[in-house]
1. With a cut-off of 8 Å between alpha carbons and a minimum separation of six or more residues, what is the relative contact order of the chain in percent?
2. Equivalent ellipsoid semi-axes for region 9-72, as square roots of 5 times the alpha carbon gyration tensor eigenvalues: give them largest first, rounded to whole Å.
3. Which lysines, on any chain, are close to residue 40 with Cα under 23 Å apart, when same-chain ones fewer than 8 places away are left out?
4. Post the alpha-carbon centroid distance, region 54-112 to region 1-53, in whole angstrom.
5. For region 12-46, state which GluC sites (Glu not before Pro) are in a DSSP loop and have at most 10 other beta carbons lying within 10 Å of their beta carbon.
6. Given axes a ≥ b ≥ c from the Cα gyration tensor, I'd like to know whether region 1-130 is rounded (a/c under 1.5), prolate (a/b larger than b/c) or oblate.
7. Can you bin every Cα-Cα distance in region 61-108 into 10 Å intervals starting at zero and give me the percent of pairs per bin, rounded to whole numbers?
8. Between residue 113 and residue 141, 0.36 nm times their residue separation minus their Cα-Cα distance comes to what?
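What follows is calculated from the coordinates using simple rules that are stated; it is not laboratory data. Bear in mind the structure is a predicted one, so any value in this text is a computation, not a measurement. Counting neighbours? That spans all protein chains shown, and the Cβs are built from the backbone with ideal geometry, glycine included.
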Amino acid sequence: MKILVLNGPNINFLGIREKSIYGSETYQDLVDQINAFCKKNDIEVEVYQSNHEGCLVDKIQEAYFSKVDGIVINPGAYTHTSIALLDAVKSVSIPTVEVHISDVSKREDFRQVSYIRQACVATVVGEGLKGYIHAIEILTKK
């Protein structure tokens, strides 16, 4: 099984930004947790982060050609704005799980809109960094 984990803008600032919302664990902590889980479960994984929408679209398209079995995506703020990410996920037809560290349903009104959700097989919210592991587990059971 081959999984691509994509992270959008500001996820690289975990442990620095809004600790009351995102916690004190760092982006490297997240990457280490994902890599350890995948190694233990014999899952090939690539973890990628970009603050640039087009780079995320490029990675989604590359996933099609590199025969990725599933995508975990935390689009960050692009969740609420990016039709380009929605179209990219729809175009590759790779099972995708949307993940958010915080519970976006309990946050600002603008965070209630998720464009990408309609192209995803599941959404995981409010589980902190462990939500990524949950998302990978969802994909491995598909």
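1. About 26 percent, as a whole number.
2. Working: eigenvalues 110, 64, 9 Å².
Ellipsoid semi-axes (Å, largest first): 23, 18, 7.
3. By straight Cα distance, residue 40 reaches 2, 67, 130, 141, 142.
4. 14 Å
5. When the GluC sites (Glu not before Pro) of region 12-46 are filtered for loop state and at most 10 Cβ neighbours within 10 Å, nothing remains.
6. Cα axes put region 1-130 in the oblate bin.
7. Spelled out bin by bin, region 61-108 gives 23, 51, 22, 4 percent.
8. Numbers: separation 28, 0.36 × 28 = 10.08 nm, distance 2.71 nm.
Working it through step by step, the gained length comes to 7.4 nm.
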